[in-house]
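Chemist: Following this message is one structure expressed as structure tokens.
The values are calculated or read from the model by the stated rules, or taken from the named source; none is laboratory data. Small disclaimer: the values here were computed from a predicted structure and weren't measured. Here Cβ is always computed from backbone atoms with ideal geometry, including for glycine, and neighbour counts include all displayed protein chains.
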Amino acid sequence: MDWPRFAYEYDGSFAGFLTCVFAAYANKEEPACFLTYGDGRVTLWPQRAVDTDDQKARRVYRSLDRSMGQQGRRLVTYGFLTCLEERELALWDFLRLGYERGPSVVRDLTDPRVAVLGKAVQHLTHEAHLLKGFTRFSDQDGALVGEIDPKNRVLPLLRPHFAARYPGETLVLYDRTHREALFCQKGKWAIVPLDRFDLAPPRAGELDYRALWRRFYDTIAIEGRYNPKCRMTQMPKRYWGTMTEFQREEPPAPGAMAQN
């Protein structure tokens, strides 16, 4: 199809992207690139601003199952969460192919439009799997609060795991990279944008628990089998910045101890 090309501008949400897909087919246009509001990039293509329309987005979402099956829908929904460069264009290319070929498209790994997206989704799910074990929570006035620094937008994948593991707790998990936070409480949850996230200084009891955890971590280490290269393979170093066992905190001032 020889459609005119436009730079599509949208709000950066998944519903907004699906609305762009609807608009592209409705207008018989080929997205040359996707821009989000205020991202500052410059393009020579004519621009089309697309307002998110939940009804149109739902129509496109329902079409994924009908046209590409559950596996195809999963590649699209998970693909949007990846850190793949120009992921919207990669998703658009896959969607065009999927609408033409049907559910069998997910098995054609020789096609780069499928392989690139599949590899990105594999990276996303692997990172989410690692963070189920590498995420550390601290007590903040009765709430379990943690921070992560992932490459992909893993909070939607981590939410079922931590909500099921701590069903009676108030849970907050902040994604530093994408500046959004997962909130869970009494079976309800939400993932919301959060530009700033400041943790209160830990109380004495929390500091004691952190010290105990670090002592346990150090105690079970076998000095004769110390292998830093192996440790970094099993526990990648880029996750250490938010892991309790690698942090060393200064003890609180005497006045702060008395207040606790």
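Chemist: How about segment 82-133: which of its residues are surrounded by fewer than 18 Cβ atoms within 10 Å (Cβ to Cβ) and within 15 Å of the chain's Cα centre (by Cα)?
Modeler: 83, 85, 122, 123, 125, 126, 129, 130, 132
Chemist: Another question, if that's okay. Consider segment 125-139. How many of its residues are in a helix (DSSP H, G or I) and aromatic (Phe, Trp, Tyr)?
Modeler: Of the residues in segment 125-139, 1 are in a helix (DSSP H, G or I) and aromatic (Phe, Trp, Tyr).
Chemist: Here's a check for you: in segment 75-95, which residue that is out of contact with any helix residue (DSSP H, G or I) (no Cβ under 8 Å at 6 or more places or on another chain) and of a type in the set (D, E, K, R) is farthest from residue 23 (Cα to Cα)?
Modeler: Among those residues, the one meeting the criterion is 85.
Chemist: Of all helices (runs of 4 or more DSSP H) completely enclosed by segment 5-107, which ones contain at least 2 residues that are over 18 Å from residue 117 (Cα atoms) and touching a Ser or Thr at 6+ places or on another chain (Cβ under 9 Å)?
Modeler: 14-27, 54-79
Chemist: Would segment 185-195 turn up any residue that is touching a Ser or Thr at 6+ places or on another chain (Cβ under 6 Å), loosely packed, with under 15 Cβ neighbours inside 10 Å and either closer than 21 Å to residue 126 by Cα or not assigned by TED's automatic domain parsing to the domain that holds residue 76 (or both)?
Modeler: Scanning segment 185-195, I find at least one residue that is touching a Ser or Thr at 6+ places or on another chain (Cβ under 6 Å), loosely packed, with under 15 Cβ neighbours inside 10 Å and either closer than 21 Å to residue 126 by Cα or not assigned by TED's automatic domain parsing to the domain that holds residue 76 (or both), so the answer is yes.
Chemist: Run down 38, 69, 79 and say which single residue is at positive phi, surrounded by 14 or more Cβ atoms within 10 Å (Cβ to Cβ) and under 24 Å from the mean Cα position of the chain (by Cα).
Modeler: 69
Chemist: Here are some residues: 133, 142, 205. Which one is farther than 30 Å from residue 68 by Cβ and without any contact (Cβ under 8 Å) to a residue 12 or more places away in the chain?
Modeler: Of the residues listed, the single one that is farther than 30 Å from residue 68 by Cβ and without any contact (Cβ under 8 Å) to a residue 12 or more places away in the chain is 133.
Chemist: Now for a different question. Mind listing whichever residues of segment 160-191 are free of Cβ contacts under 8 Å to residues at least 12 places away in the same chain and touching a Phe, Trp or Tyr at 6+ places or on another chain (Cβ under 9 Å)?
Modeler: Answer for segment 160-191, where residues must be free of Cβ contacts under 8 Å to residues at least 12 places away in the same chain and touching a Phe, Trp or Tyr at 6+ places or on another chain (Cβ under 9 Å): just 190.
Chemist: If you don't mind, there's one more thing I want to ask. Could you please let me know if residue 123 is at pLDDT 95 or above, out of contact with any helix residue (DSSP H, G or I) (no Cβ under 8 Å at 6 or more places or on another chain) and within 22 Å of residue 246 (Cβ to Cβ)?
Modeler: Against the criterion (at pLDDT 95 or above, out of contact with any helix residue (DSSP H, G or I) (no Cβ under 8 Å at 6 or more places or on another chain) and within 22 Å of residue 246 (Cβ to Cβ)), residue 123 does not qualify.
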